[in-house]
């Protein structure tokens, strides 16, 4: 897993090329998306870019609930359409599985929900 962009109190963009579990909540020692002294209470999926070869597909879950199934190549913009994906599961771990032996990638933008305002 690579964190491409990590904005304290705002968002994180992660890049995956293999199965991964991302811990969302906690401070920078327990959360994969917290930075510095930030403590994250949750995060919503706002955008997803993906690609898979040879009939593969990505399955993205929040906890045990499937949030997105993405095959071929594409882009999903939830925030641009006024949608908060998995609003009730914002504190759950994010699990991304590439369900094939083919190669693929997924880039996921998460909007963070901080425990306290970073601007206070």
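Below is a table of values for the structure above.
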quantity	calculated
Among 12-18, 66-72, the order from most to least packed when residues are scored by Cβ within 10 Å on average	12-18, 66-72
Least to most buried among 105, 78 (fewest other Cβ within 10 Å first)	105, 78
Residue 41 versus residue 10: modelled label distance in nm, points set 7 Å from Cα along the beta carbon direction	2.1 nm
Where N is the number of residues in the stretch 5-120, Cα Rg divided by 2.2 N^0.38 Å	1.04
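Quick note: the coordinates plus some simple rules give every number you see, no bench work behind them. For clarity, every value in this text was computed on a predicted model and none was experimentally measured. Positions of Cβ are backbone-derived with ideal geometry, glycine not excepted, and every protein chain shown enters the neighbour counts.
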